[in-house]
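Scroll down for the structure; my scribbles are underneath it.
The values are calculated or read from the model by the stated rules, or taken from the named source; none is laboratory data. Owing to the predicted nature of the structure, the values given are computational and were not obtained by experimental measurement. Note that we place each Cβ from the backbone using ideal geometry, even for glycine, and neighbour counts take in every protein chain shown.
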Amino acid sequence: MKKTLLVADDDKEFRGVITRLFEGTEWQVETAEDGVAALERMAARPPDIILLDLNMPRLGGRELLGRIRKTSSLAMTPVVVISGDCAPLEQAYEFWLGADDFISKPFNALELVSRVEGAARRARLLPGADPLTRLPGSAAIGAETARRIEAGVPMAFFCIDIDNFREYNDSYGYLNGDNTIKQTAALLSGVQEDFAGEDVFLGHAGGDDFVMVSSPGKAEEISRAIAARFDALAPGFYSAEDAARGCIVSRNHAGEPREFPLLTLSIAVTTNEKREFSHYAKVVDTVGEIKKYLKAFKGRYGSVYSKDKKGD
């Protein structure tokens, strides 16, 4: 499968040059004439590399770069800035915004190709991104939480677990399971965007476990939004028969029928509003206890959440 290079530049001739430059290679070039079009392309299909011009209409390159770095599904995507302004101060500013590399115009074709390949190679070596969802992984989650603890800022930590996922995987197969994980990631990314003012970080801890970190003020509102959207989405993961029945019917090793409910979420939330966290492990332990409490509910219907109200 070819890797995708998205070229965001308002110069039609330049877009054509880059497209021809990568013809016959392992790269598929997609183009966007401005920042708005680039966002639309990225939403439809996240690229492997972004080649970004700074001066574009509707949404400029700097603004687009800022949005990319604040969008969890794109935050780990390498961005190579290409610009006619190659002054050291300009380059330093773009790197500060989150660019991975900088190429000045006019450019050398061989250098541009090698820079793109180099950015792709470095991205493959990054341990922080989950390969399925492209969200920051466990290492990045720990680092972000530790950063907020050290900064002493108000914080809410969400552990978001998909219930009955193993049974779903067994019945519907891993391809459908992976699709469910990716759609859940997209749903959470949408919630992250809707609550942009709450400084929301989104990560994928692996398997069917996701993490959010935000300011605590709207933690319950965020939890309700996640639960409602997932419960509306979940029936679409099933056959019409299973969705109407409200469960999967399978058999155990003895051939006896067993029923498993439709997928739901357990959303455990802890905050530092009434307790102090000195390190990340304490956050994990606390939210883990809340998740156990949620999982122990008998006869529950739909996704549930619980926000920690205890103090130290």
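May I ask you to verify whether ASP161 is under 19 Å from LYS295 (Cα atoms) and assigned by TED's automatic domain parsing to the domain that holds TYR280?
Criteria met by ASP161.
Tell me which residues, restricted to segment 166-188, are among the hydroxyl-bearing types (Ser, Thr, Tyr) and surrounded by fewer than 20 Cβ atoms within 10 Å (Cβ to Cβ).
SER171, TYR172, TYR174
Scan ASP199, ASP161, ASP194 and give me the residue that is touching an Asp or Glu at 6+ places or on another chain (Cβ under 7 Å), farther than 19 Å from PRO47 by Cα and of a type in the set (Asp, Glu).
Checking each option against the conditions leaves just ASP161.
How about segment 109-221: which helices (runs of 4 or more DSSP H) wholly inside it have at least 3 residues that are on the phi < 0 side of the Ramachandran plot, within 18 Å of the chain's Cα centre (by Cα) and of a type in the set (Val, Ile, Thr)?
Correct list: 174-194.
Please pick out the residue among ARG258, ARG229, ARG275, ARG224 that is touching a Leu at 6+ places or on another chain (Cβ under 7 Å), not small (Gly, Ala, Ser) and not assigned by TED's automatic domain parsing to the domain that holds SER73.
ARG229
Pairs needed: first member in segment 49-61, more than 19 Å from LEU5 (Cβ to Cβ); second member anywhere, assigned to a strand (DSSP E or B); C-beta distance under 8 Å; at least 6 residues apart or different chains.
Pairs found: ASN55/SER83.
Pick from segment 1-21 the residues that are touching a Lys or Arg at 6+ places or on another chain (Cβ under 9 Å) and aliphatic (A, V, I, L, M): which of them is surrounded by the fewest Cβ atoms within 10 Å (Cβ to Cβ)?
LEU6
Within segment 108-137, can you find the residues that are modelled with pLDDT under 70 and in contact with a Pro (Cβ under 7 Å, 6 or more places away or on another chain)?
GLY128
What is the number of the single condition among (1) surrounded by fewer than 18 Cβ atoms within 10 Å (Cβ to Cβ); (2) touching a residue at least 60 places away in the same chain (Cβ under 8 Å) that THR264 does not meet?
Going through (1) surrounded by fewer than 18 Cβ atoms within 10 Å (Cβ to Cβ); (2) touching a residue at least 60 places away in the same chain (Cβ under 8 Å) one by one, THR264 breaks only (1).
What is the residue count in segment 22-39 for residues that are of a type in the set (Val, Ile, Thr) and either surrounded by fewer than 18 Cβ atoms within 10 Å (Cβ to Cβ) or out of contact with any helix residue (DSSP H, G or I) (no Cβ under 6 Å at 6 or more places or on another chain) (or both)?
Number of matching residues: 2.
Before we move on, is ARG229 buried (at least 17 other Cβ atoms within 10 Å of the Cβ), modelled with pLDDT of 95 or more and either over 24 Å from the mean Cα position of the chain (by Cα) or part of a helix (DSSP H, G or I) (or both)?
Criteria met by ARG229.
Is there a residue being closer than 13 Å to LEU263 by Cβ, surrounded by 14 or more Cβ atoms within 10 Å (Cβ to Cβ) and out of contact with any Lys or Arg (no Cβ under 6 Å at 6 or more places or on another chain) anywhere in segment 206-217?
Yes, because at least one residue in segment 206-217 is closer than 13 Å to LEU263 by Cβ, surrounded by 14 or more Cβ atoms within 10 Å (Cβ to Cβ) and out of contact with any Lys or Arg (no Cβ under 6 Å at 6 or more places or on another chain).
Show the residue pairs meeting these rules: Cβ distance below 8 Å; 6+ apart or different chains; first residue within segment 283-312 and under 27 Å from GLY246 (Cβ atoms); second residue modelled with pLDDT under 85 and surrounded by 11 or more Cβ atoms within 10 Å (Cβ to Cβ).
VAL304/PHE297
Quick one: would you say SER278 is loosely packed, with under 12 Cβ neighbours inside 10 Å, farther than 15 Å from LEU187 by Cβ and in contact (Cβ under 8 Å) with a residue 60 or more places away in the chain?
Yes.
For ARG148, indicate whether it is modelled with pLDDT of 90 or more, out of contact with any Leu (no Cβ under 6 Å at 6 or more places or on another chain), crowded, with 20+ Cβ neighbours inside 10 Å and farther than 30 Å from ALA234 by Cβ.
In short, yes.
Taking the criterion of being over 23 Å from LYS182 (Cβ atoms), at pLDDT 90 or above and crowded, with 18+ Cβ neighbours inside 10 Å, would at least one residue in segment 96-107 satisfy it?
The answer is no, given that none of the residues of segment 96-107 is over 23 Å from LYS182 (Cβ atoms), at pLDDT 90 or above and crowded, with 18+ Cβ neighbours inside 10 Å.
Show the residue pairs that are 6+ apart or on different chains and have beta-carbon atoms under 6 Å apart, the first residue being within segment 182-210 and farther than 16 Å from ASP163 by Cα, the second being in a helix (DSSP H, G or I) and of a type in the set (S, T, N, Q).
VAL200/GLN192; LEU202/GLN192
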